[in-house]
Each structure stands twice: as C-alpha cells, then as structure tokens.
Amino acid sequence: MELLKERIRKDGKIKEGNVLKVDSFLNHQMDVELFHKIGEEFKRRFAEEEINKILTIEASGIGIACVVAEVFHVPVVFAKKTQTKNIAGDVYTTKVESFTHGRIYDIIVAKEFLGKGDKVLIIDDFLANGKALEGLAELVKLSGAEFVGAGIVIEKGFQVGGNVIRSKGIHLESLAIVDSMDEETGEIVFR
Ligand code: 5GP
C-alpha cells in the first residue's frame, strides 16, 4: 500500500533494537482517515473470505482494528493482557512473549465473545517475530472459531514472523513490508 509506505518513510523513526516508531500516525497519535483507507485495503484483500469478527490485542492494535471492523461491518474483540495468576474458567488464555518489552504475559478473551460459528480476521499493527499473532491464533483455536486470516499494517520482513505464519498456510496480508532499516541513515527499504 503505497500511501502507507510513503507515510512510514516520512514519519517513521528507527530506534535501537530494530524498533520502528510510528507514533505520529499509528501508535500514539492516530490518523483515523489513514486507518479508514487501511480498512478498505484489507477489505479488498480479504474480499473472497467470509469474516464475521475481528480480533486484536491491546493496546496498540485496538484503534486500527476498530476502524477496520467498521469497514467490514463486524464487531471487534481485543484480547486483554493480564498478570493475574488465577484466571477464572470463563476465558480462553495463552501466553505471549513480547517483542517490545522482552517478557512473557498471559492474554485472555472471554468465552462469551469468541466461539464456534465465528470466522475471525486477526488485525494487528506490527508483525515482528510473530508471537502476538500466534497467541491470538491459539485463542481462536481454543474457542473453536475459524481463523480466516491475518491483516498486518507493518511487517518487519527481516524478522521471522512473516515466514513462520506463511509457512503454516495462513492467509496473511501485510500492507507494508520493511525489508531493512538503517538506524544511522534513517533509510527504510520496502519489499
Ligand atoms: P511479535 O509478536 O510479532 O514479535 O511482535 C508484534 C507486536 O510487538 C505488535 O503487537 C507490536 O505492538 C509490537 N512491535 C513489534 N515490533 C515493533 C516495532 O518495530 N515497532 C512498534 N511500534 N511495535 C512493535
């Protein structure tokens, strides 16, 4: 998606540890008009699929997933991150290793909001090593819902997540794939 790539080139900031900061339009301040165009692009790319629910993960996935859900005319559910040890039986839960924070946390979704008959599109802002996406896919599996595909705004193609997910035969659509980024020069190369 050229418009998105242009925006990343213009406003993206490369930080230590292979982190791309896009706080001015995606992760802190949010450009909702751009989100809408992103939603339409996902709608086009998943036009062949039947989708009746969108699933994302707090916090940074929520804004984008809400706008995408509006374009798809379906509800959106976000998995919550929790440190509670004793999780009640009315939730599905799994563990996720965080790329940005380097620790493991539990994610949960209430059984009430995900289950058989749901055809789920997972939406997230970034794909790096794929742990967040794998965790969300696990929740879908536990619930008995169908995992239709995953829509990612920015994939860091030099990390393993994209290959891992695609090798499983999952329908993955990333709107901008960064093949390399240089902290010194600020140069970002897209696939
Ligand atoms: P993964 O689980 O694929 O390793 O990482 C994906 C999650 O980590 C995303 O939900 C995103 O919030 C965060 N993340 C990973 N890499 C980056 C990055 O370069 N920039 C930002 N802003 N978030 C990232």
Item to check | Debye log10 I(q)/I(0) for the chain, one point scatterer per Cα, at q = 0.13, 0.15 Å⁻¹ | outcome: -0.65, -0.88
Checklist entry - With every protein chain left in place, what is the accessible area per residue of segment 77-191 in square angstrom, probe 1.4 Å? => result 50
Next on the checklist: Using only the heavy atoms of the protein chains and a 1.4 Å probe, how would Asp11, Asp23 rank by accessible area, largest first?
Outcome noted: Asp23, Asp11
Checklist outcome for this item: Relative contact order of segment 10-87 (C-alpha contacts under 8 Å, at least 6 apart) in percent is 25
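Of all DSSP beta bridges located in segment 96-191, what percent are antiparallel, nearest 5? Mind dumping the intermediate values first?
Working: 5 of 19 bridges.
Around 25 percent of the beta bridges assigned by DSSP in segment 96-191 are antiparallel ones.
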Checklist entry - What nm value, rounded to one decimal, do you get for the distance between Lys37 and Lys111 when each label is placed 7 Å out toward the C-beta? => result 4.4
Checklist entry - Angle, helix 32-45 long axis vs. longest principal axis of the chain, Cα atoms, 0 to 90°, nearest 10? => result 70
Item to check | On Cα atoms only, tilt of 2-11 relative to the major axis of the chain in degrees | outcome: 70
Checklist entry - In whole Å, how far is the Cα centre of segment 19-73 from that of segment 117-191? => result 13
Next on the checklist: To make sure I understand the rule: partners must be lysines, Cα under 28 Å from the Cα of Lys5, and not fewer than 8 residues away in the same chain. Which ones qualify?
Outcome noted: Lys13, Lys15, Lys21, Lys37, Lys43, Lys53, Lys131, Lys156, Lys168
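Which whole-number percent is the relative contact order of segment 39-191 (Cα, under 8 Å, 6+ apart)?
Here the relative contact order equals 20 percent.
Add -39500 (n - 2.57) for each DSSP H run of 4 or more in the chain, then divide by its residues: what number comes out at 222 nm, to the nearest 500 deg cm²/dmol? Mind showing how you got there, number by number?
Details: 5 runs with 57 residues, N = 191.
Taking each H run of at least 4 residues, the total per residue is -9000 deg cm²/dmol.
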Checklist entry - Counting only protein heavy atoms, what percent of the accessible surface of the chain is carbon or sulfur at a 1.4 Å probe? => result 48
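Among the GluC sites (Glu not before Pro) within segment 90-191, which fall in a DSSP loop and have no more than 10 other Cβ atoms within 10 Å of their own Cβ? Let's see the in-between values first.
On the way: sites: Glu97, Glu112, Glu134, Glu138, Glu146, Glu155, Glu173, Glu183, Glu184, Glu187; in loops: Glu183, Glu184, Glu187.
Taking segment 90-191 and a limit of 10 other Cβ atoms within 10 Å, the loop GluC sites (Glu not before Pro) found are Glu184.
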Checklist entry - So how strong a dipole does segment 32-191 carry about its Cα centre when Lys and Arg Cβ are +1 and Asp and Glu Cβ are -1, to the nearest 20 debye? => result 600
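The values are calculated or read from the model by the stated rules, or taken from the named source; none is laboratory data. Note that the coordinates shown come from a computational prediction; the quantities given were computed from them, not determined experimentally. Neighbour counts run over all protein chains shown; Cβ positions are idealised from the backbone, glycine included. Accessible surface is based on the protein model in full, side chains and every heavy atom, while ligands, DNA and RNA are left aside. Shrake-Rupley method; radii C 1.70, N 1.55, O 1.52, S 1.80 Å.
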